[in-house]
Amino acid sequence: KRMNKKDSWRVDVFYMDFKNFFQWQPDANGRPTVRVNGGKFHNVGIEAEYNRRLSDRIKMSVSGSYSNPKQKEMNQNYWKQAAPKLQFTTG
């Protein structure tokens, strides 16, 4: 992490490993309000964020991440991709 008055950088490395990952299923009305055990989940990745103050009223941010989120559902013997590997945001 690096910060000064005009800008900041942040880089993180992460590892997640869940044995009882929960997910939501629809109730009788179709709304996703029922929590169930979704099986196993793991993810390893890196994320970075850059913020810049352009003026007293304007601020800019850019961030991105690379990860490999995988989920192994209950009673399954294979891992599937649970979310995108690359993600970017600006603001």
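Before moving on, here are some points about what is shown:
- Any hit, the range 59-69, residues being surrounded by 12 or more Cβ atoms within 10 Å (Cβ to Cβ), under 28 Å from T89 (Cα atoms) and among the β-branched types (V, I, T): yes
- Just one of (1) surrounded by 10 or more Cβ atoms within 10 Å (Cβ to Cβ); (2) touching a residue at least 24 places away in the same chain (Cβ under 8 Å) fails for Y15. It is (1).
- Members of the range 53-80 found to be in a strand (DSSP E or B), without any contact (Cβ under 8 Å) to a residue 40 or more places away in the chain and under 11 Å from the mean Cα position of the chain (by Cα), listed by number: G64, S65, Y66
- Checked against (1) modelled with pLDDT of 95 or more; (2) surrounded by 10 or more Cβ atoms within 10 Å (Cβ to Cβ); (3) within 13 Å of the chain's Cα centre (by Cα), A83 passes all but a single condition, namely (1).
- When we screen F22, F14, F18, F41 for residues that are among the hydrophobic types (A, V, I, L, M, F, W, C) and more than 19 Å from Y78 (Cα to Cα), the only hit is F14.
Results for (1) at pLDDT 95 or above; (2) aliphatic (A, V, I, L, M), shown as yes or no for each residue.
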site	(1), (2)
R2	no, no
V34	no, yes
G38	no, no
S63	yes, no
Y78	no, no
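- Residue selected from the range 3-52 under the condition assigned to a strand (DSSP E or B) and small (G, A, S), by the criterion nearest to K85 (Cα to Cα): G45
The values are calculated or read from the model by the stated rules, or taken from the named source; none is laboratory data. Please read all numbers here as calculations on a predicted model, not as lab measurements. No Cβ is skipped: glycine too gets one built from the backbone with ideal geometry, and neighbour counts run over all protein chains shown.
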